[in-house]
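What follows is one structure encoded as structure tokens, with my remarks underneath.
The values are calculated or read from the model by the stated rules, or taken from the named source; none is laboratory data. All values derive from a computational prediction rather than experimental measurement. Cβ: placed from backbone, ideal geometry, glycine included. Neighbour counts: every protein chain shown. When the accessible area is computed, the model is the full protein with side chains, heavy atoms only, and any ligands, DNA or RNA have been set aside. Shrake-Rupley method; radii C 1.70, N 1.55, O 1.52, S 1.80 Å.
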Amino acid sequence: MKFVGADLHKKSITFCVGEKVDGKFVVCQRIRVACSRVKELKQFFESLGKFQVVVEATIGFDWFAAVAETYADRVVIAHPGRLKVIAESTRKTDKIDATILAEFLAHDMVPEAWRPSPRVREHRTLVRRRCKIQRRIT
């Protein structure tokens, strides 16, 4: 089983792929993919075989999680407020953040964030749209 940490940003995603060997986490691969290259992202996921992926809950994580769900055995959304190792780190790089996420996933130590179901997300979109129309009317 491979464990993938994804550090998601507006224009790019940094991945760290690792495996557990004798109880220790070993990095196998690091890669950076542009967010606009979804085809390349899908090819990367297909090349991994059996894997789990973790990404922090940020503004744009939802599309990434939707793409990853079709390929990954498990998609974990990390709670950024409870993942203090990354938040309070003095050495903040995308590569280090992705590695920490992958290692925490391998050891099953990721504090998960709640992710609304597709129906709840659709309902929220509908309510937001209704509020926007109501504001225009009044």
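Here are the numbers for the structure shown:
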{"read-out": "Residues of region 74-94 satisfying the condition of being touching a strand residue (DSSP E or B) at 6+ places or on another chain (Cβ under 8 Å) and open to solvent by less than 70 Å² (accessible area, probe 1.4 Å)", "value": "V75, V76, I77, A78, H79, P80, L83, I86, D94"}
{"read-out": "Selection within region 1-18 - touching a strand residue (DSSP E or B) at 6+ places or on another chain (Cβ under 6 Å) and of a type in the set (A, V, I, L, M, F, W, C)", "value": "F3, V4, A6, L8, I13, F15, C16, V17"}
{"read-out": "Checking Y71 against (1) without any contact (Cβ under 8 Å) to a residue 60 or more places away in the chain; (2) open to solvent by less than 60 Å² (accessible area, probe 1.4 Å); (3) not in a strand (DSSP E or B), the condition it does not meet", "value": "(2)"}
{"read-out": "Residues of region 100-117 satisfying the condition of being closer than 11 Å to G18 by Cα and either small (G, A, S) or open to solvent by 80 Å² or more (accessible area, probe 1.4 Å) (or both)", "value": "A102, A106"}
{"read-out": "Residues that are assigned to a loop (DSSP other than H, G, I, E, B), in contact (Cβ under 8 Å) with a residue 24 or more places away in the chain and either out of contact with any Lys or Arg (no Cβ under 7 Å at 6 or more places or on another chain) or polar (S, T, N, Q) (or both), drawn from region 85-113", "value": "H107, V110, A113"}
{"read-out": "Search result, residues across region 118-138 that are of a type in the set (V, I, T) and open to solvent by less than 100 Å² (accessible area, probe 1.4 Å)", "value": "V120, T125, V127, I133"}
{"read-out": "Matching residues, region 5-55, being farther than 19 Å from I100 by Cα and either open to solvent by 60 Å² or more (accessible area, probe 1.4 Å) or hydroxyl-bearing (S, T, Y) (or both)", "value": "K10, K11, S36, R37, K39, E40, K42, Q43, E46, S47, K50"}
